1. Which of the residues that make up the range 131-161 are over 21 Å from the mean Cα position of the chain (by Cα) and of a type in the set (A, V, I, L, M, F, W, C)?
2. Cβ contacts < 9 Å: first residue closer than 16 Å to residue 231 by Cβ and free of Cβ contacts under 8 Å to residues at least 24 places away in the same chain, restricted to the range 273-299; second residue assigned to a loop (DSSP other than H, G, I, E, B) and of a type in the set (Lys, Arg), any location; separation 6+ or different chain. Result?
3. Given the options 496, 434, name the one that is assigned to a strand (DSSP E or B) and either touching a helix residue (DSSP H, G or I) at 6+ places or on another chain (Cβ under 9 Å) or polar (S, T, N, Q) (or both).
4. If we only count strands (runs of 3 or more DSSP E) wholly inside the range 22-117, which ones have 2 or more residues that are crowded, with 18+ Cβ neighbours inside 10 Å and within 19 Å of the chain's Cα centre (by Cα)?
5. Please go through the range 457-474 and give me each residue that is surrounded by fewer than 14 Cβ atoms within 10 Å (Cβ to Cβ) and of a type outside the set (Gly, Ala, Ser), ordered by number.
6. How many residues are touching a Ser or Thr at 6+ places or on another chain (Cβ under 8 Å) and of a type in the set (Asp, Glu) if we restrict to the range 136-182?
7. Report whether or not residue 362 is aliphatic (A, V, I, L, M), outside the structural domain of residue 220 (by TED's automatic domain parsing), assigned to a loop (DSSP other than H, G, I, E, B) and within 24 Å of the chain's Cα centre (by Cα).
Amino acid sequence: MNGADSLCDTLLANDVDVCFANPGTSEMHFVAALDQKPQMRCVLGLFEGVVTGAADGYARMADKPAATLLHLGPGLANGLANLHNARRANTPMVNIVGDHAIHHLQHDAPLTSDIESLAHPMSDWVHRITSAADVSPAAAAAVEAARKGPGGIATLILPADAAWSDAPGEIKRAAAPSLAPVDANALSAASTALRNGRKTVILLAGKALRGKALETASRIANKTGARLMAQQANSRIERGAGRVMIDRVPFSVDLALKTFADTEQLILVGSKTPVSFFAYPGKPSVMVPEGCKSIVLATLDTDLGQALEALADELGVDNSVVASTSGRTATELPNGKLDAAAVIQAIAALSPENAIICDESVTSGRESFKTTFGAAPHDFLQITGGAIGIGLPLAAGAAVACPDRKVILMQADGSGMYTLQALWTQAREQLDVVTVIFANRSYAILHNELKMVGAGEPGRNARRMLDLDNPAFDWVHMAKASGVEAARATDATSFVDILRTALSRKGPFLIEAVI
């Protein structure tokens, strides 16, 4: 057994059985080891941002880490933007980053770089393997770090000689993950606040936005008169008809300020006090009034479901208090002009039960959250860190994790170009993803941001940096070139017909919705 075999066996022994990969020469012994282990599913991404984004989508739905395989420092650097998103989502992930053999580093070969310095800003844990004997203990520690608390990014640097050298036969096991119990003082403070009659918002994040925990939170809100909300960006929300209706903090500063205008107290459950994405002249950074008090019931490293149950018990929320759930209301189909609202309306009406809806529609889909309250029950995944280019790989990873569920991606055209290569991965793996491109042929969000910061109307140079219409992308041809069936819709009726067809069959399909 060499170090590469030891690494592969350790990952499998710790239930890491999917590897999203873009390898190079320094990783070839690990590739050979993976080749001998059919239990490990290996998924190739043609760009490292696809690899890290897909690992994020996989872990959000599988509730366990995947591995990534990246080629030295430049390969890791190519994947950093989606590692940033994954870290903001508290996604468990184990990155395997190859490096030169230890004796070769002194020669400063062209691909030599400071991998640790690249890894640290987007990782919760970083370790360089020192020898083949260190491989299994280090890999087990990486899995343990990835599964710690709500989940984190563990980056393991594997020198080529540690991979090809003989390793001990012992395979290490990671300690079982655990979450902290709710703090008694925090519980007391939250229950006292919810009894004092002040205008209160209970703000949820993480696994508080799943099933039973979300129902418990809704029952607490109904008992106390508090308002229930999700933070603006969330890794996964269980929502739709029959599930708890919960809105999220608006992206728009003005709307967020209006939302919290009369709020006197925030009860934070895995969330943070909401702030604006950016600073704007003359506008505050914090979205709640200056005198609003924030009370932390539980942080993300706490068992959020248990914390909410304890709070419900403390407040005397019995079975007579029911959760507020959505009805199945989103059933009307659009006709006439095709615009963003029509696209979202059709998706809400036609999405099958138990779908996974991924959202990187950016400006065009800003109202999609409200429109899909009454859609069939679904999981909702969104961009979490603001680094665009996650949508296509996120959907691919979710489909790998849940092959029996339909994945629907709402994708802006500009950000979709960042990781277009994910379409090829969807085709190769025959992933059941319907991608809907909101083809407005501009960076519409940046047109709005230019106004928001008070920089005036765009002139020729500004428009050349914000518009995507000269030439316009041909998404149908790009999808077909990647092996994905595709069609274009220019009116609402044709979009509905194409979406019905796409949803009726297995495998990847792309719809370019010209809006």
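1. 132, 133, 135, 138, 139, 140, 141, 156, 157, 158, 160
2. Close Cβ pairs (under 9 Å, with a partner that is assigned to a loop (DSSP other than H, G, I, E, B) and of a type in the set (Lys, Arg)) amount to 276/283.
3. 434
4. Where strands (runs of 3 or more DSSP E) fall fully within the range 22-117 and carry at least 2 residues being crowded, with 18+ Cβ neighbours inside 10 Å and within 19 Å of the chain's Cα centre (by Cα), they are 66-70, 93-99.
5. If the condition is that a residue be surrounded by fewer than 14 Cβ atoms within 10 Å (Cβ to Cβ) and of a type outside the set (Gly, Ala, Ser), then 457, 460, 461, 464, 465, 469, 470, 471 are the ones that fit.
6. Of the residues in that region, 1 qualify.
7. yes
This table checks each residue for (1) of a type in the set (A, V, I, L, M, F, W, C); (2) farther than 18 Å from residue 162 by Cα; (3) in the same structural domain as residue 387 (by TED's automatic domain parsing).
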{"residue": "65", "(1), (2), (3)": "no, yes, no"}
{"residue": "71", "(1), (2), (3)": "no, no, no"}
{"residue": "75", "(1), (2), (3)": "no, yes, no"}
{"residue": "89", "(1), (2), (3)": "yes, yes, no"}
{"residue": "96", "(1), (2), (3)": "yes, no, no"}
{"residue": "106", "(1), (2), (3)": "no, no, no"}
{"residue": "120", "(1), (2), (3)": "no, yes, no"}
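The values are calculated or read from the model by the stated rules, or taken from the named source; none is laboratory data. Since this is a predicted model, take the numbers as computed values, not measurements. Backbone-built Cβ (ideal geometry, glycine too); neighbour counts: all protein chains shown.
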